[in-house]
Structures are given as C-alpha cells and as structure tokens.
Amino acid sequence: MRIVLLGPPGSGKGTQAALLVKQLGVPHISTGALLRDAANRGTELGLKAKALSDKGELVPDRDMAGMLEERLRQQDVVNGFILDGYPRNLAQAETLTTLLERLEQPVDEAILIDIDAEQIIKRIAKRAQEEGRADDTEKTVRNRLRVYAEQTAPVADYYAERGLLTRVLGDGSVDEIFQRLFSILNMATNPTE
Ligand code: AMP
C-alpha cells in the first residue's frame with residue numbers, strides 16, 4: 001500500500017501513521033521527522049529547515065524533492081509506505097506524482113484527516129507540553145494553520161480529482177480515528193468484503 005496521509009498540523013496524522021505502519025508493515029515516511037533528524041545532525045539542509053519550521057514556514061520545494069527522492073529510493077519502500085507531511089502544496093503533489101511514476105509505484109490512496117481549527121489549537125498545546133517541539137508555540141501554530149489553508153488544503157482536491165481521496169473525521173479518540181482509517185484501508189485492499 002502506498003498511502004499519502006493529509007491533514008492540518010495537529011490533526012493526529014503522525015500518531016495515526018505510526019499506528020498504521022505497525023498494522024501494515026510498511027515504513028512511515030515523515031518529511032517533518034526527516035528534517036528534524038537532519039537538524040539534529042547539523043546538516044546544511046537541516047539547519048535551514050529548522051529556521052523555517054520554527055516560524056511555521058515551508059522548506060523550499062526543491063530541497064524537499066531531493067530529500068524525498070533519496071528516501072523513496074531506499075530498499076524498504078518496495079512494499080509501500082505511509083507518507084506523512086508531503087505533499088504540502090500543489091507543486092509538491094505534481095513532483096510526487098512524477099517521481100512515483102518514474103519509480104513505477106503510484107499512490108494507491110490519499111486520506112485526509114478532517115478536523116476543525118479549534119480542536120487543533122487544543123491538541124497542539126498538549127503536544128507542545130508533551131514533546132517540547134519548538135514549532136508548537138501559539139504564534140507559529142497560527143502561521144502553520146494559515147500556510148495549511150492557503151497551500152496544503154488544495155492538495156486534497158488534487159487527489160479527489162484523481163479519484164484517490166478518502167476523508168476521515170478527525171474528532172474522537174486516537175483509537176476511534178484509527179478504526180475509521182483501518183476500515184477504509186481494508187475496503188481499499190478487499191473491495192468485495
Ligand atoms: P511536520 O512534522 O510535518 O508538521 O513538519 C514540520 C515542519 O517541517 C513544517 O512546518 C515545515 O517547516 C517542514 N516541512 C515538513 N514537510 C514539508 C514539506 N513537504 N514541504 C515543506 N516543508 C515541510
């Protein structure tokens with residue numbers, strides 16, 4: 001299964017992706033986590049990305065494309081992946097389609113975790129306490145939500161137009177959301193059941 005997981009910051013994408021990979025046995029590719037790892041290692045891209053993400057801004061498409069291609073060419077991706085955090089805008093969606101066509105591994109499903117802004121702010125405040133992420137301050141969160149609405153939300157339409165999008169309600173407990181996701185994926189893999 002090659003799955004793109006979409007949703008605003010704080011929608012629980014990362015948590016759900018981690019649960020899905022356990023179930024599906026495919027790697028979780030989180031571009032945010034790859035960038036945080038690069039920042040911890042002190043690479044040029046990592047440090048540049050940290051400065052941008054601390055403000056809630058996106059890292060340039062060209063940098064992201066190189067990093068993503070390198071990751072998608074690794075051996076563990078042959079049986080599929082859960083992509084979390086990419087694409088973040090329409091240009092990235094086109095880049096991903098082209099790249100996966102070249103690798104002969106097209107996206108099977110794009111899943112949007114739908115949740116309203118009020119719940120997001122609550123969740124992110126909680127995550128900031130638990131994980132201490134530098135990009136979880138209120139000002140940054142506002143900026144991330146604005147960037148999401150302007151640039152990332154249209155990516156859901158991109159996949160909808162291609163008949164690949166399923167929406168999942170993002171309210172409720174982690175377990176409830178996971179059950180919704182899991183039943184969608186079951187239907188996608190066993191359409192007659
Ligand atoms: P995330 O963990 O997905 O919320 O990503 C954290 C931060 O990393 C984002 O706010 C961006 O600054 C950066 N980032 C992650 N993925 C992308 C992407 N696909 N394009 C641009 N920037 C990204």
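So, with +1 on the Cβ of K and R and -1 on the Cβ of D and E, and no other charges, what is the size of the charge dipole of the chain about its Cα centre, to the nearest 20 debye?
On the way: 25 positive and 30 negative charges, 102 e Å.
With Lys and Arg at +1 and Asp and Glu at -1, about 500 debye.
Sort the following peptides by mean Cβ neighbour count (other Cβ atoms within 10 Å, averaged over residues), highest first: 105-115, 41-51.
Working: 105-115: 19.3, 41-51: 14.5.
Packing proxy ranking, top to bottom: 105-115, 41-51.
For Phe81, enumerate residues with amide H under 5 Å from its amide H, sequence gap 5+ or separate chain, H modeled in the peptide plane.
Amide H to amide H, under 5 Å and 5 or more residues apart or across chains, Phe81 pairs with Arg2, Ile3.
Calculate the tail of P(r) for segment 30-80: the fraction of all Cα-Cα distances greater than 11 Å, expressed in %. Working shown, then result.
Numbers: 887 of 1275 pairs.
Of all Cα-Cα distances in segment 30-80, 70 percent exceed 11 Å.
Anyone know which of Ser183, Ser11, Ser30 comes out most mobile in the 10 Å Cα GNM of the chain?
Ranking Ser183, Ser11, Ser30 by mean-square fluctuation puts Ser183 first.
Compute a Gaussian network model of the chain, connecting alpha carbons closer than 10 Å, and tell me which residue from Pro27, Pro154, Pro60 fluctuates the most.
Most flexible of the set in this elastic network: Pro60.
Starting from the Cα gyration tensor of the chain, take the square roots of the eigenvalues, sort them a ≥ b ≥ c, and report rounded, prolate or oblate (rounded when a/c is under 1.5, otherwise prolate if a/b is larger than b/c, else oblate).
Numbers: a/c = 1.55, a/b = 1.15, b/c = 1.35.
Taking the square roots of the gyration eigenvalues as a ≥ b ≥ c, the chain is oblate.
Calculated from DSSP H runs of 4 or more alone, at -39500 (n - 2.57) each and per residue, what is the 222 nm mean residue ellipticity of the chain, nearest 500?
-17500 deg cm²/dmol
All of the numbers you see were taken from the coordinates with simple rules; none came from a lab. Since the model is a prediction, treat every value here as computed from it, not as a measurement. Don't worry about glycine lacking a Cβ; one is built from the backbone with ideal geometry, like all the others, and counts go over all protein chains shown.
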